[in-house]
């Protein structure tokens with residue numbers, strides 16, 4: 001949970017590095033909060049008509065956390081020492097991005113910062 005809050009504190013920090021552990025634990029809690037938002041939308045009756053499952057609580061959460069999680073993705077790629085722009089190439093980019101999130105980051109300081117803790 002501390003990594004999730006660390007991600008939110010670094011709201012728009014696109015510099016530095018994010019470890020594999022920080023990335024995946026933040027993504028896990030983000031996914032759990034998305035599920036909670038969907039459940040709350042359905043229980044509270046804030047579901048948007050015509051859309052399956054989702055409602056206003058979901059949209060407020062997703063829009064509010066878009067920037068910090070986009071920044072987390074960038075920091076995770078920088079931890080590997082690779083170029084961020086390759087991930088935006090259609091078809092190849094998403095596969096390359098997934099690969100970069102799964103591999104270990106560089107174990108020494110690189111041009112993007114010190115080894116993350």
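Structure notes:
- Residues of the range 55-91 with amide N under 15 Å of a point placed 7 Å along Cα→Cβ from residue 39: 58
- Sum of -39500 (n - 2.57) over DSSP H runs of 4+, divided by residues of the chain (222 nm, nearest 500): -20000 deg cm²/dmol
- Globularity index of the range 1-64, i.e. its alpha-carbon radius of gyration over 2.2 N^0.38 Å: 1.31
- Considering only alpha-carbon pairs that sit under 8 angstrom and 6 or more positions apart, the relative contact order computed for the chain is 33 percent.
- The simple Förster model, with R0 at 30 Å and r as the Cβ-Cβ distance, assigns residue 13 and residue 49 a FRET efficiency of 0.20.
- Computed log₁₀ I(q)/I(0) - Debye formula, equal Cα scatterers, no solvent, the chain, q 0.20, 0.23 Å⁻¹: -1.04, -1.21
- Once the C-beta distance of residue 21 and residue 59 is scaled by a Förster radius of 30 Å, the resulting FRET efficiency is 0.55 to the nearest 0.05.
Each value in this text was obtained by applying a stated rule to the coordinates, not by laboratory testing. Bear in mind the structure is a predicted one, so any value in this text is a computation, not a measurement. Every residue, glycine as well, gets a Cβ built from its backbone with ideal geometry; the counts of neighbours run over all protein chains shown.
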